[in-house]
Each structure stands twice: as C-alpha cells, then as structure tokens.
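Worksheet for the structure shown next.
The values are calculated or read from the model by the stated rules, or taken from the named source; none is laboratory data. No experiment lies behind these values; they were computed from the predicted model shown. Virtual Cβ from ideal backbone geometry, glycine too; neighbours counted across all protein chains shown. Note: accessible area is taken over every heavy atom of the protein model, side chains too, but ligands, DNA and RNA are not part of it. Shrake-Rupley method; radii C 1.70, N 1.55, O 1.52, S 1.80 Å.
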Amino acid sequence: MDQFLGVSQFLYLFFNVVVIVLSLMFLKLFKHCWISPVQAQTKLRQNGFVGPPTSFPLGNFNDIKKLKIALVMAEKRKSSTIINHDIHSIALPHFALWQQQYGKVFMYWLGIEPFVYVADPEFLSVMSKGVLAKSWGKPNVFKKDREPMFGNGLVMVEGDGWTRHRHMITPAFSPLNLKGMANMMVESTSNMLDRWAIQINSGNPPCNLLSFHSHHYVGVPFSGILDFKQTLEAKELGKEIDRLLLSIINERKRSLVEGDDHHDLLGSLLKAEKGEFTASELVDECKTFFFAGVETRALALTWTFMLLAIHPEWQDTLRDEIRQVIGDSEIEYKKLAGLKKMSWVMNEVLRLYPSAPNAQRQARRDIEVNGRVIPNGTNIWIDVVAMHHDVELWGDDVNEFKPERFDGDLHGGCKNKMGFMPFGFGGRMCIGRNMAFMEYKILFSLVLSRFEISFSPGYRHSTKHVFSLRPGYDLPLIVRAL
Ligand code: HEM
C-alpha cells in the first residue's frame, strides 16, 4: 500500500512539474508571438507609424504574395517589346501600393516582426546620424537564411566585432592591392572574350548573358518552416563550401610561408590580417566576399549589357573615351580613373537597376528621428529602388537612361545625397565598391574595343526581386565582332 502511495505521489509530482514546464513554455511563446508584437505595434503607432492592416501570424505576407501573383499575371498579358525603366511597381508592387497609401515612411509586418519602411532620404539621413555604424544591427529574422552564405562575416557581424573585422579587411581593398589584381582581371577577361570570338566565328553569335549571375535562392523569414527541404539543402551546401574554402585557405597559408604570392583578394587578406582572424572567421569572410561581391557585380554587368544594347550611341561614346584614355596600349590600373564616362554609365545603371535593391538594419536601442521613436528591436527596410526612381528627387527624366546626369556630380543631381545609395550608406557602406568599379571598367574597355552589342529579338523586359534585382527573363544578346 505504502509503495503504491509512493508511486502515485511521484506521478503526481511529475505531472505537476510537466504542467509547470509546459505552462512556462507556453507563456514564453505567447509573449514572443503575441505580447511583444502587440507592444511593438502600440509603441510604433504612438510614434506616428501607420501602415497596412496586419493579421496574426503571417503579418502582411499574404498581401505581398497576392500582389506579386497579380503582377505576374498582368506581366504575361503585356506586350513583350516594351522596355520601361519605371520598375518600382513591377519589382516591388506591395511597396509601391503602400507608399501611395501611407507615404514614404510606414510600418508593415513580416510574420510577427515589425518593419519600418523608409524611402525618404531626409528621414534616413537624420536616422543614420544618430547611430554609429557598429551599433546598427542586421535583422535577426534574416540571419538563419543568410548564415550559409555569409556566416558571421563582415556583412552580418555587429558591435565591436564589426569594427575589428572592418579594420582588418580594409587594407585588402587598398589601391595598391587593387593595382595588383588589375592584371589578373585583364587576363581572365581577355580569355573569356577569346572564347566569345571563337563562339561567334563558329556561327553561334547570340549570347545569353544571364549565365553571369548565380542561381542561389535566398529565402524570406519563415521559409525554413515553409520550405524545410530547401533550408536543409542550403545548410548542407553551406557546410560543403566551408570545407572547400578551409582547404584553399590552408593551402594558401602554406604557400605564403614559402614566399609564394597571390594577388587576389584572399592573398591580400592573408597578408594584411597577420594571423589575427581564426580559421572559421577567414572562411566566413571568403564566403562574404563571394556572395556579397559576385551576384552584385554580375547583375551590374548584366543590366549594363541590356542598357548599352538599347543605347548604341553610348557604346560609341564609351569607345571614343577608351581610345582617348587607353589607346592601343595595355590596360593599366592608373589609367582607369580617366574613364569618367564609364563611371557615369555604371552609376546610372546602378541607379535604374540597383543590384542591391534595399538595405536593412535592426534597431539595437530606441532611435529618435525628428521626435518620433523607432523602438529597440524594430527592423528597418530602406527601399533603394523607390528612392532611385523618385520623381521628386530626380525630376521628370527620372526613368530615362541619362549617364550624363553624373557629369561633375557624384550624386547625379539627386536633390538629397542620401537618395542615391547603390553601395549603401554610412560606415557600413560597401567595402568592395572601388574593386567593383575597377573590374567594371576593365571588362567594358575590353568588350567594347572588340565587340558591338544589340538585342536578340527574343528579349522580353522584366525585373524580379529575389534578394537582388534580377532580369525577369533571360537576356539574349547579339554580339558582333568589330
Ligand atoms: C556592383 C557591385 C556591388 C554593389 C552594387 C554592392 C552593394 C553593396 C551594398 C548596398 C552593401 C550594403 C551597405 C549597407 O548595408 O549600408 C554592400 C556591403 C558590402 N559589400 Fe558590396 N557591392 C558590390 C560589390 C562588392 C564587392 C566586389 C565586394 C567584395 C569582394 C563587396 C563586399 C561587400 C561587403 C563585405 C559588405 C559589407 C560591409 C559592411 O557591412 O561593413 N561588395 N555592398
């Protein structure tokens, strides 16, 4: 009997502990999913942030999805020959609609995460003045998705860690190191163009330049749950890339000790950081260089090919400049600065079709902007496409391809300097921008000296926003040798 009482008391105690643990877990979940979002919404509303009605637990996901589907249907019905650079409502239909209803700063929700949308450069300018670069957060909600690509590299790292990483990496992008990389870029581009020439001679001239961009897909918040298989695949791929990079880094370290110099980014980084990064930090930085640098550059090149195909007069203008600045001699790093019109073209391409169509931050403390408080933890979505296509900032010709607007003006005549930000803003501005300009100038100097570009009749103009801003369809071009 006593034994039976002992067992039943134990079961009673066990049951109570289970109930208490489950209740605590439920309360934690309830606070995270319900109380905290309601508190955040109340605070944002009290501070004057309004936005589209939201519902639990998806926030505005369904509205975004519906608008995108409606757009795809409309696009399919549209004539295939129209090329219109007024792309904001095509790439980001939900933001275009909400902007009409709520203005250039408003609140919206991705699931249970509050976002403040910003397409007002004045607001952005005041907001960024109040926060040190190292004190900005990157939205936690995206971190899981981006982990396989960036790890805890410079794009994602925060606080003093960011200051340390940025300080150690900056020398790798110095003019001296870029100069060392220039010859390698000339050589590899020339080899690629030789292959183009062979392709053309073999009677296969149209060239689909979409091969320039990679096809990785980056999910949106909750995609881990909604698309479990893809998340798992991304994780596996991330691990495989880590292993591969680690073996390359170890090999490079060995050859550096033996005095074997490499003039690429990893070579420059290893020389500059003097062993202060751990092996896994180096792996993360290599991944970061690849994913932050490759897709953005590939898209800048892709959109430039498209715009130069529409504007053969700009191909001629650039050819004249290349003849004057470089002539028949080899391309040298120091001459590239003279290609001013090429810089205008690159800026104008990145204005109309920014490879990085948004910048994101997360407040790590309350931020006051003109008397309104963005509460700690709020995510901030800066819509670069909207600002680059804002008629109030650029004037009536905002959607025209006019590289000359950058003649003598780094901001292309934009009424607010923060309105043009293809490389981001503040201390976290793109570390690779000078490298990107160098590579762009080398590539187009070589391409335009040898080839003429025009559209293949199959081209259909459209844009698609999947993390970056990509062409909606392939980009078939006709490439003719000059
Ligand atoms: C056309 C080419 C490129 C474009 C349009 C571009 C654009 C951007 C943008 C918009 C940011 C975010 C800045 C912010 O959040 O305020 C960024 C950051 C960054 N970019 Fe680029 N980028 C390009 C090329 C490159 C290249 C070639 C590399 C390196 C090889 C690179 C490495 C990075 C890194 C590491 C960051 C993070 C910087 C930090 O947080 O301190 N990018 N880039």
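If I go through the stretch 378-409 residue by residue, how many of them are outside any helix (DSSP H, G or I) and either within 27 Å of Glu313 (Cβ to Cβ) or away from the ligand (no atom under 16 Å from the Cβ) (or both)?
14
Checked against (1) open to solvent by less than 20 Å² (accessible area, probe 1.4 Å); (2) outside any loop (DSSP other than H, G, I, E, B); (3) of a type outside the set (S, T, N, Q), Lys271 passes all but a single condition, namely (1). Please tell me if Gly153 is touching a strand residue (DSSP E or B) at 6+ places or on another chain (Cβ under 7 Å) and either at pLDDT 90 or above or open to solvent by 10 Å² or more (accessible area, probe 1.4 Å) (or both). No: the conditions fail for Gly153. The set of residues from the stretch 342-361 being more than 10 Å from the ligand (Cβ to nearest atom) and either free of Cβ contacts under 8 Å to residues at least 12 places away in the same chain or of a type in the set (Gly, Ala, Ser) (or both) comprises just one member, Ser343.
Residues that are of a type in the set (Lys, Arg), under 11 Å from Trp136 (Cα atoms) and open to solvent by 20 Å² or more (accessible area, probe 1.4 Å) within the stretch 361-395 comprise Arg364, Arg365, listed in sequence order. Of all residues in the stretch 317-340, which are in contact with a helix residue (DSSP H, G or I) (Cβ under 9 Å, 6 or more places away or on another chain), farther than 29 Å from Gly426 by Cβ and in a helix (DSSP H, G or I)? If the condition is that a residue be in contact with a helix residue (DSSP H, G or I) (Cβ under 9 Å, 6 or more places away or on another chain), farther than 29 Å from Gly426 by Cβ and in a helix (DSSP H, G or I), then Thr317, Leu318, Arg319, Asp320, Glu321, Ile322, Arg323, Val325, Lys334, Lys335 are the ones that fit.
Close contacts from the stretch 137-156, counting a first residue that is more than 22 Å from Gln230 (Cα to Cα) and of a type outside the set (Ser, Thr, Tyr) and a second that is open to solvent by less than 40 Å² (accessible area, probe 1.4 Å) and assigned to a loop (DSSP other than H, G, I, E, B), with Cβ to Cβ under 8 Å and a gap of 6+ residues or different chains, come to Gly137/Ala363; Lys138/Met156; Leu154/Ile431; Val155/Lys138. I'd like the residue in the stretch 163-177 that is in contact (Cβ under 8 Å) with a residue 60 or more places away in the chain and under 19 Å from Gly424 (Cβ atoms) and, out of all such residues, is most open to solvent (accessible area, probe 1.4 Å). Among those that are in contact (Cβ under 8 Å) with a residue 60 or more places away in the chain and under 19 Å from Gly424 (Cβ atoms), it is Thr170. Note on the stretch 140-184: among residues that are aromatic (Phe, Trp, Tyr) and closer than 19 Å to Ala279 by Cα, the one that is nearest to the ligand (Cβ to nearest atom) is Trp162. Of the residues making up the stretch 437-469, just one is open to solvent by 20 Å² or more (accessible area, probe 1.4 Å), modelled with pLDDT under 90, within 16 Å of the ligand (Cβ to nearest atom) and of a type outside the set (A, V, I, L, M, F, W, C), namely His465. Considering (1) more than 16 Å from the ligand (Cβ to nearest atom); (2) in contact (Cβ under 8 Å) with a residue 24 or more places away in the chain, the lone condition that Ala133 does not fulfil carries the number (1). In the set (1) open to solvent by 50 Å² or more (accessible area, probe 1.4 Å); (2) polar (S, T, N, Q); (3) farther than 25 Å from Tyr333 by Cα, Asn434 fails one condition alone, (3). When restricted to residues that are surrounded by fewer than 17 Cβ atoms within 10 Å (Cβ to Cβ) and within 28 Å of the chain's Cα centre (by Cα), the stretch 243-261 contains 5. In summary, helices (runs of 4 or more DSSP H) completely within the stretch 50-142 and bearing 1 or more residues that are closer than 28 Å to Leu393 by Cα and of a type in the set (Ser, Thr, Tyr) occur at 88-91, 93-102, 121-129.
Here Phe289 meets each of (1) within 10 Å of the ligand (Cβ to nearest atom); (2) on the phi > 0 side of the Ramachandran plot with one exception, condition (2). Residues that are open to solvent by 10 Å² or more (accessible area, probe 1.4 Å) and touching a Leu at 6+ places or on another chain (Cβ under 6 Å): does the stretch 286-301 have at least one? Yes, because at least one residue in the stretch 286-301 is open to solvent by 10 Å² or more (accessible area, probe 1.4 Å) and touching a Leu at 6+ places or on another chain (Cβ under 6 Å).
Considering each of Leu410, Leu482 in turn, give the residue that is surrounded by fewer than 16 Cβ atoms within 10 Å (Cβ to Cβ) and within 25 Å of the chain's Cα centre (by Cα). Of the residues listed, the single one that is surrounded by fewer than 16 Cβ atoms within 10 Å (Cβ to Cβ) and within 25 Å of the chain's Cα centre (by Cα) is Leu410.
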